[in-house]
Amino acid sequence: MKKIIRMIALVLFALFFIFAGCAHFAQGDGFAAMLPEWVPFRLALIYATGIIEILLAVLLLVPATRKLARFWTAVYLVVIFPANIYAAIAGIPAPGQEEVNQTLLWIRLLFQPLLIGWILWAADTQDRHKNM
């Protein structure tokens, strides 16, 4: 039963990442606004991260690449975290939103560690309790 729950969690995460990756193209300017002005090629960077998210999602679903994709997805989520911090400090609305809810911007920061934990758990390829 635990394997089924993990697989469902993994597929849900992958779908979430595919949706988020596609959103980078649909709401590119909104995502680019989450980066400081001094960052060069902001829109190109947003498109690249959209591709990375879609690619990581697909690689998570392939058993042969799951372990490596799990690691790089966690690294990716850590690397993009400063953009969320910047958006909260600068009061930049989420992509596709017109109004800023400062409280939600700060609450959103709490979800990044949850996403990291989610993918590390859901894509865990080790059966640690096999003999229990």
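The values are calculated or read from the model by the stated rules, or taken from the named source; none is laboratory data. Because the structure is a prediction, the values reported are computed rather than measured. Reconstructed Cβ throughout: ideal geometry from the backbone, glycine too, with neighbour counts over all protein chains shown.
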| field | Checking PRO40 against (1) part of a loop (DSSP other than H, G, I, E, B); (2) within 25 Å of ALA9 (Cα to Cα); (3) modelled with pLDDT of 95 or more; (4) not charged (D, E, K, R), the condition it does not meet | value | (2)
| said: I'm checking my understanding of the structure. Among residues of the stretch 107-121 that are surrounded by 13 or more Cβ atoms within 10 Å (Cβ to Cβ) and at pLDDT 90 or above, which one is farthest from LEU59 (Cα to Cα)? | reply: LEU109
| remark: How many residues of the stretch 79-101 are among the aromatic types (Phe, Trp, Tyr) and more than 17 Å from the chain's Cα centre (by Cα)? The answer is 0
| With respect to GLN97, is the statement that it is surrounded by 14 or more Cβ atoms within 10 Å (Cβ to Cβ) and polar (S, T, N, Q) true? | no
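Out of the residues in the stretch 54-86 that are in a helix (DSSP H, G or I) and of a type in the set (S, T, N, Q), state the one that is farthest from TRP106 (Cα to Cα). Give the steps one after another, and end with the answer.
Of all residues in the stretch 54-86, those in a helix (DSSP H, G or I) come to 54-61, 66-86.
In the following step, the residues that additionally are of a type in the set (S, T, N, Q) were identified as 73, 84.
On the way: THR73: 22, ASN84: 9 Å.
Among those residues, the one meeting the criterion is THR73.
Considering ALA26, ALA33, ALA90, which residue is small (Gly, Ala, Ser) and surrounded by 15 or more Cβ atoms within 10 Å (Cβ to Cβ)?
ALA33 is the lone residue from the list that is small (Gly, Ala, Ser) and surrounded by 15 or more Cβ atoms within 10 Å (Cβ to Cβ).
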| Subset tally (residues that are of a type outside the set (Phe, Trp, Tyr) and within 17 Å of HIS24 (Cα to Cα)) for the stretch 53-81 | 10
| Test for GLY21: is it modelled with pLDDT under 95, assigned to a helix (DSSP H, G or I) and crowded, with 17+ Cβ neighbours inside 10 Å | no
| request: Could you please find all residues in the stretch 40-55 being surrounded by 13 or more Cβ atoms within 10 Å (Cβ to Cβ) and either in contact with a Gly (Cβ under 6 Å, 6 or more places away or on another chain) or within 19 Å of ILE85 (Cα to Cα) (or both)? | output: ARG42, LEU43, LEU45, ILE46, THR49, GLY50, GLU53, ILE54
| said: Being more than 13 Å from the chain's Cα centre (by Cα) and farther than 13 Å from VAL11 by Cα is the filter here; which residues of the stretch 48-75 pass it? | reply: ALA48, ALA64, THR65, LYS67, LEU68
| said: Need the failing condition index for MET34 against (1) touching an Asp or Glu at 6+ places or on another chain (Cβ under 7 Å); (2) among the aliphatic types (A, V, I, L, M); (3) in a loop (DSSP other than H, G, I, E, B), just the number. | reply: (1)
| Which condition does GLY50 not pass, out of (1) of a type outside the set (Ser, Thr, Tyr); (2) touching a His at 6+ places or on another chain (Cβ under 7 Å); (3) free of Cβ contacts under 8 Å to residues at least 24 places away in the same chain, if it passes all the others? | (3)
